[in-house]
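Encoded as structure tokens, the structure appears first; notes follow it.
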Amino acid sequence: MQLTGAVALITGGSSGIGAATARALASVGARPLIAGRDAERLASVASETGGVALQADLAAPDGPETLAEAALRESDHIDLLINNAGIGWAGPFGELTKAKVDELITVNLTAPIQLTRLLAPGMAQRRYGRIVFVSSIAGATGVRDEAVYAATKAGLTCFAESIAYELADHDVGVSVVFPGAIDTPFFERRGTPYHRRRPKPIAPEGIAAAVLEVAEHDQSEAFVPAWMRFPARLHGAAPGMFRALAAQFDRPPKPGKAAGQPADPS
Ligand SMILES: NC(=O)c1ccc[n+]([C@@H]2O[C@H](COP(=O)([O-])OP(=O)(O)OC[C@H]3O[C@@H](n4cnc5c(N)ncnc54)[C@H](OP(=O)(O)O)[C@@H]3O)[C@@H](O)[C@H]2O)c1
């Protein structure tokens with residue numbers, strides 16, 4: 001995909017990975033449509049990037065429709081849809097409320113599926129476009145204490161894998177990006193700080209670069225950091241061994257101590 005001049009709708013563009021992606025896209029001459037809820041942060045990213053702020057709550061029943069309509073009022077076509085908005089939750093499964101389960105599934109899984117349903121037909125008709133899904137290493141392996149979050153990301157990954165076959169028939173590409181631990185407000189907002197000594201969270205610009213790279217070079221997936229592909233591959237090739245290692249390393253931390261798990265919890 002030629003990114004210069006491309007119209008890109010980025011969900012979760014008001015913070016973290018999405019804001020970094022909007023900046024990276026603007027720096028190569030793309031036109032970012034920046035979606036989120038927080039009007040002030042949206043306006044700030046929009047003015048920094050010369051993009052357009054689109055306010056929509058993806059947890060609301062008509063959130064994806066509202067956003068797709070607003071995006072198509074700004075531009076008669078979308079070249080690049082980056083399904084990035086997401087929320088986390090970590091802790092014992094028994095402590096999750098029904099409302100939080102619903103919110104996790106709606107924002108992380110239902111909304112990207114609905115946005116794809118709304119915007120992919122336009123791309124297919126033009127025989128041009130790409131949809132990038134920001135998943136998580138948690139969705140590739142499963143992670144202790146993040147069962148529902150991991151399930152939403154696994155669902156997102158499998159949706160992307162599946163829809164890619166259909167969209168390829170119309171020259172529309174699909175990519176999945178798997179972040180490890182990224183230094184954004186994500187952990188603070190989910191209410192549980194990142195507690196592991198390693199891997200150290202990396203800057204969101206690393207994910208933004210991967211998003212641009214998969215779009216520009218028609219790649220189906222990227223792990224960031226790149227070594228994160230090894231736990232994912234080990235889980236696929238030797239799940240028993242992966243589980244034994246994860247159980248060994250991913251014990252809950254003792255009070256005041258960090259766990260030594262090699263994979264990212266998000
Ligand atoms: N940070 C990590 O370590 C990490 C690791 C793996 C995967 N990820 C994934 O990366 C993606 C981006 O996360 P991040 O780290 O950049 O987190 P972040 O800084 O907390 O940003 C999350 C973004 O999602 C938006 N969002 C949340 N709920 C929304 C809703 N109901 N409606 C519309 N927008 C909503 C937020 O918008 P407002 O602030 O405007 O509400 C914000 O722009 C997420 O899908 C996350 O699961 C992150």
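The values are calculated or read from the model by the stated rules, or taken from the named source; none is laboratory data. All values derive from a computational prediction rather than experimental measurement. Please note: Cβ atoms are built from the backbone with ideal geometry, for glycine as well, and neighbour counts cover all protein chains shown. Surface accessibility is based on the protein's heavy atoms, side chains included, excluding ligands, DNA and RNA. Shrake-Rupley method; radii C 1.70, N 1.55, O 1.52, S 1.80 Å.
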Selected from Ala90, Ala70, Ala30 as most flexible by GNM, with the chain as the system and alpha-carbon contacts under 10 Å
Ala70
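Could you tally the net charge around Gly206, taking each other residue with its Cβ under 11 Å from the Cβ of Gly206, Lys/Arg +1 and Asp/Glu -1?
Charge balance in the 11 Å sphere: -3.
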Carbon/sulfur fraction of accessible area - the chain, other protein chains in place, 1.4 Å, %:
56
Label-to-label distance, nm, for residues given as Val28 and Phe249 (7 Å Cα→Cβ offset)
3.1
Project the alpha carbons of region 1-141 onto their principal axes and report the range along each, largest first, in whole Å.
48, 32, 30
What angle do you read, to the nearest 10 degrees and between 0 and 90, between the alpha-carbon axis of helix 39-49 and the longest principal axis of the chain?
70
Please work out how much length the chain gains when fully extended from Glu205 to Ser162, using 0.36 nm per residue of separation minus the C-alpha to C-alpha distance, in nm with one decimal.
12.7 nm
Please work out the ratio of the alpha-carbon Rg of the chain to 2.2 N^0.38 Å and round it to two decimals.
0.97
Given springs between every Cα pair under 10 Å in a Gaussian network model of the chain, which of Asp76, Asp57, Asp218 has the largest fluctuation?
Asp76
Taking amide hydrogens as modeled 1.01 Å from N in the peptide plane, which residues meet the under 5 Å criterion relative to Glu221, leaving out close sequence neighbours?
Val176
Return the long-range amide H neighbours of Val132 (sequence gap of 5 or more, or a different chain), with a cut-off of under 5 Å between placed amide H atoms.
Leu81, Ile82, Asn83, Ser175
Using only DSSP helix segments of four residues or longer, with each worth -39500 (n - 2.57), what per-residue ellipticity at 222 nm results for the chain after dividing by its residue count and rounding to 500?
-14000 deg cm²/dmol
Want the number for Ser220 to Glu65: 0.36 nm per residue separation, take away the alpha-carbon distance, what's left?
53.2 nm
Most fluctuating residue given options Ser15, Ser136, Ser27, as computed from a GNM of the chain linking Cα atoms under 10 Å
Ser27
For region 17-27, in residue order, the Karplus 3J(HN,Hα) values (coefficients 6.51, -1.76, 1.60; θ = phi - 60°; whole Hz; Gly and Pro = x) are 4, x, 5, 5, 5, 4, 5, 5, 5, 4, 5
Keeping all protein chains in place, calculate the accessible area per residue for the chain (probe 1.4 angstrom), answer in Å².
45
